[in-house]
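A short worksheet on the structure shown next.
None of the figures in this text is laboratory data; all of them are computed from the coordinates on show. Just so you know, these numbers come straight off a predicted model, no measurement behind them. Don't worry about glycine lacking a Cβ; one is built from the backbone with ideal geometry, like all the others, and counts go over all protein chains shown.
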């Protein structure tokens, strides 16, 4: 016992204990030997029986992240203790994974005695709590120790939200009045009907709905604006009306409301309006908890720091939705809507600061954002098209939009949408131009027909309007439609070459081809998905389909008879399977590993079933690449 007692006198915090207590502790210690190296405790799993005091050998302690990488690796040696913080502050479960090295010897103190010492001797107790506090100053250590918030659970939408169609909901009946009805009469009817929304029809016989009036309209335009209540209601109505099919899903209705900034949606069946939906009603229904309440909070955010905090919450929401079995294409739509909402807040803020734009314009997003296929590893791809102006105004207009673009882009970067390394963003003067200049760009890219021009055209073709005058985008599409009908064999050849640039990572013997990144053998998920995006874009170009989303393009190509039902489904399922794997992996990196997300995946982290599924997907992609090779590159050899 004297050896144990002599040893304990040198160990912190046992050296703080009275001699008689120390002697009693020494008498109760048990000696434990670890003759072979091995894991003895697993983080957050192993329930500790007591405190280990190292006498000989070494403990290696660390956290495993989701990819089984060892993080915050440390070593405990003679005189060090392990388990005190876990017993006191982690429900007796080991905070870290512990590997005992070969021939390690420890003294074991049962947790009853350890906790009794903590209660009886304040200095002894504070040694462990102070050590914990010091360790928590290390950001990486704190990330793995800090329990994950349960806020993500509030993002768990009920299964009904993603499987229920609008036709199963109880719709609100429409109340209508003609455009020439006096404002005060509409207000009286609204009060009588106890409704907050009245739809306005034109004066013609067909009674076509052209707008609507709400309580908010009356407050803002009549009361606050001191409008004459005897004027026709068409002078203050909100327009245009937005409608949706009764066959659409509930989540689609909510996302459409956010994108179009409308609080009411008309519902149609077979071309007839059958009622309307209120955003407030949908968002307060039990079925509509989750991402949509979150999007509402983004919409209400007041400044860049608050928007940044909201964007940082998105990975947890994504992870929860995917774990619940929500389809990746729906999760993509949720990410896109959050991203669009943030961009719209910044655009409106920039206009408020700079003053009204000196010309009509369109702010559009490109690339994956334009396709509504953003992941959690995203940069900003955007551009501005403004209307052509007379020579004397041209420089003034350009200066405004370059300043506007810089302001929006810098704030996006501050929030977490990093600058595009390739420069595909409105802040770059090359991507903010007049409509006539944009038309020349497209013609130049199609005429030059080289790989670089093909890449620029591809990014620009995946463009989506999010703010401004939609007629400018319509005019651009009409121009492209005409240009694509001209002989463009050389252009399509180079676009096809670009689509064939990345091959699925499948070896001749049907194994997954990998390369080394750190200690892992991985493949690149983004590059694996690129051939699907590229080949679907190729056929969309050939058939002048201006939908931007890969799934929407596939559906349009199937409807046009370009792809069979089976071909479209194979590509669609392959693409969104890979998207789901990619999103979940990125979310786990951010939430669990506290590292920036990437697109690399180690096949060994997948189950056998998942590996087999991937190989089948790679085969599907290879077959479709062969179709492009035969259809688009043979003519130019």
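Expressed per residue, the C-alpha convex hull volume of the stretch 185-281 stands at 109 Å³. The packing ranking of peptides 482-493, 616-627, 460-471, highest mean first, is 460-471, 616-627, 482-493, where packing means the average number of other beta carbon atoms within 10 angstrom of each residue.
Based on the reciprocal of the average 1/r between different C-alpha atoms, the Kirkwood radius for the stretch 415-544 equals 17.0 Å. DSSP beta bridges confined to the stretch 159-288 are antiparallel in about 70 percent of cases.
Our estimate of slack between residue 391 and residue 482, defined as 0.36 nm per intervening residue step minus the Cα-Cα distance, is 30.0 nm.
On a 0 to 90 degree scale, rounded to 10, what angle separates helix 291-300 from the longest Cα axis of the chain? With rounding to tens, the tilt is 70 degrees. Available extension along the chain between residue 12 and residue 399 is 132.6 nm, counting 0.36 nm per residue and deducting the alpha carbon span. Ranked from largest, the principal axis spans of the Cα set of the stretch 1-157 equal 62, 36, 24 Å.
Structural size metrics of the stretch 311-470, computed from C-alpha coordinates, are Rg and Dmax of 16.6, 58 Å.
Across the stretch 557-609, Cα-Cα distances exceeding 16 Å account for 56% of all pairs. The Cα-based radius of gyration and maximum Cα-Cα distance (Dmax) for the chain are 31.4, 106 Å.
The angle separating the long axis of helix 565-591 from the principal Cα axis of greatest extent in the chain is about 50 degrees.
Computed FRET efficiency, Cβ-Cβ of residue 300 and residue 274, R0 41 Å: what is it to the nearest 0.05? According to the calculation, E is roughly 0.85.
Bridges between two residues of the chain, per DSSP, are antiparallel at a rate of about 85%.
Under the simplified labelling scheme, the residue 231-residue 245 pair shows an inter-label distance of 3.9 nm, with each label point 7 Å from Cα along Cα→Cβ.
In terms of packing, defined here as the mean over residues of other Cβ atoms within 10 angstrom, the peptides 583-592, 366-375, 390-399 line up highest first as 366-375, 583-592, 390-399. Helix 608-628 and the longest principal axis of the C-alpha atoms of the chain enclose an angle of approximately 30°. Rounded if a/c is under 1.5, else prolate if a/b beats b/c, else oblate: with a ≥ b ≥ c from the C-alpha gyration tensor eigenvalues square-rooted, which is the stretch 487-637? Cα axes put the stretch 487-637 in the prolate bin. Across the stretch 379-410, the residues whose backbone nitrogen lies under 11 Å from the label position 7 Å along the beta-carbon direction of residue 419 are 410. If R0 is 30 Å, the Cβ-Cβ spacing of residue 566 and residue 611 corresponds to a FRET efficiency of close to 0.80. Averaged over residues, the count of other Cβ atoms within 10 Å places the peptides 327-339, 254-266 in the sequence 327-339, 254-266, highest first.
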